[in-house]
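A.B. asks: One structure, as structure tokens, below. Some questions next.
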Amino acid sequence: MKSTLEYLLFLTIARILQQLPLGLVRRLAAALAAFVYYVLSIRKKLTLQQLRRAFPEKEDAEIRRIAYGSYVSLVTTIFELMWTPRLTFERLPEVLRIRNPEVVERARRRGNGLIMMSGHFGNWEWLSIGASRLMGFTATVIVHPLHNPSVNALVEGWRTQLGNRVVDLGLSIREIIKTLRERGIVALIADQSGPSGALYVRFFGRHAATYEGPATFALRTGAPIVMTYAVRAADGNYDVILQEIPTRDLQGLNEEHLHELTRRHVRALERMVAAHPEQWLWQHKRWKHTPHAESVLIEDPDHE
């Protein structure tokens, strides 16, 4: 019963938003974000704590401004996802502006497939739905299934409406390798906390458990990693920024190369988050696990 009610509530809100202009949807998102931040205070303590540790040099007023902005960014992403049925291919260039497509064009010419990697930054949902289509190809998008099966099925329909394919995270390893070896495109997000036994990489000066999957796939197949960001601009739409992670000096899968490539893509994400901190998901407990004796620690010379 609870699952059904959740689905009906989600569907009702989505249907209402889909009747509204996108600008109004964004204003409603900002209003709800203010309520969540100031009144409900959901994960507010965690958000502020993580921001203060990441940016110890910033004044508290600035920390709170960033925190509030991150709630606006998150709710905006959710509302825009609900509005997705109205996001036609013809409208894509208006809301997603690919600033440097030549990065992907060069990477694809290498003929080893491509890993398009991002974080929970800007509107990562519209990024995965539309960026590849604007550049003329489809992608296999790796997703974590939502806990409500009915909501998950609805959202999966939105994620695939422009031609991309969705694969659940738990079923993805074989599909990822197969897709890359067939010179296909894989899109994934890997910026949340890994398990306690994961690699530990410095992220904003503190070791964070980090998934090794993206680096493993790249080194096993020779596929380049292109970091892909949807940066929310002043007009509410998104500038898509692409950045290839250097891998040519890391040929073959071994422990040293795995560590170094993981460090590189985490550092690239950190730079983007530092430039636009209000657009990242600070509500997630990124430093959930701390290093222990049997963990692998990756020292980053950039933070010495």
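The values are calculated or read from the model by the stated rules, or taken from the named source; none is laboratory data. Just so it is clear, the model here is predicted, and its values are computed rather than measured. Because the Cβ atoms are built from the backbone with ideal geometry, glycine has one as well, and the counts that use them run over all protein chains shown.
A.B. asks: So is Val104 more than 17 Å from the chain's Cα centre (by Cα), assigned to a helix (DSSP H, G or I) and either surrounded by fewer than 20 Cβ atoms within 10 Å (Cβ to Cβ) or modelled with pLDDT under 95 (or both) or not?
C.D. replies: no
A.B. asks: Among the acidic types (Asp, Glu) and outside any helix (DSSP H, G or I) - does that describe any residue in the stretch 82-98?
C.D. replies: yes
A.B. asks: Here's another thing I want to ask about it. Between a residue in the stretch 120-146 that is farther than 15 Å from Leu81 by Cα and in contact (Cβ under 8 Å) with a residue 24 or more places away in the chain and any residue that is part of a loop (DSSP other than H, G, I, E, B) and among the aromatic types (Phe, Trp, Tyr), which pairs come within a Cβ distance under 7 Å, given they are 6 or more apart or on different chains?
C.D. replies: Partner pairs satisfying both residue conditions: Arg133/Phe89.
A.B. asks: Something else: Return the residue satisfying two criteria in turn: it lies in the stretch 262-293 and is surrounded by fewer than 16 Cβ atoms within 10 Å (Cβ to Cβ) and among the aliphatic types (A, V, I, L, M), and of such residues it is modelled with the lowest pLDDT.
C.D. replies: The residue in question is Ala293.
A.B. asks: Sticking with this structure for a sec: When both residues are 6+ apart or on different chains and their Cβ atoms are under 6 Å apart, which pairs have a first residue that lies in the stretch 275-304 and is within 16 Å of Asn123 (Cα to Cα) and in a strand (DSSP E or B), and a second that is modelled with pLDDT of 95 or more and not acidic (Asp, Glu)?
C.D. replies: Close Cβ pairs satisfying both conditions: Trp280/Phe121; Trp280/Val273.
A.B. asks: Further question: Could you pull out the residue among Leu250, Leu219 that is in a loop (DSSP other than H, G, I, E, B), at pLDDT 95 or above and closer than 29 Å to Pro291 by Cβ?
C.D. replies: Answer to the selection: Leu250.
A.B. asks: Any residue at all in the stretch 2-9 that is touching a residue at least 24 places away in the same chain (Cβ under 8 Å), within 30 Å of Ala234 (Cβ to Cβ) and assigned to a helix (DSSP H, G or I)?
C.D. replies: Looking for residues that are touching a residue at least 24 places away in the same chain (Cβ under 8 Å), within 30 Å of Ala234 (Cβ to Cβ) and assigned to a helix (DSSP H, G or I), one finds none in the stretch 2-9, hence no.
A.B. asks: Also, quick follow-up: Could you list all residues from the stretch 17-64 that are part of a loop (DSSP other than H, G, I, E, B) and hydroxyl-bearing (Ser, Thr, Tyr)?
C.D. replies: Correct list: Ser41 only.
A.B. asks: For Val72, state whether it is surrounded by 21 or more Cβ atoms within 10 Å (Cβ to Cβ), more than 26 Å from Ile176 (Cα to Cα) and not basic (Lys, Arg).
C.D. replies: Taking the combined requirement at face value, the residue satisfies it.
A.B. asks: Residues being part of a strand (DSSP E or B) and touching an Asp or Glu at 6+ places or on another chain (Cβ under 8 Å): count how many of those fall in the stretch 161-216.
C.D. replies: Adding up the residues that qualify gives 6.
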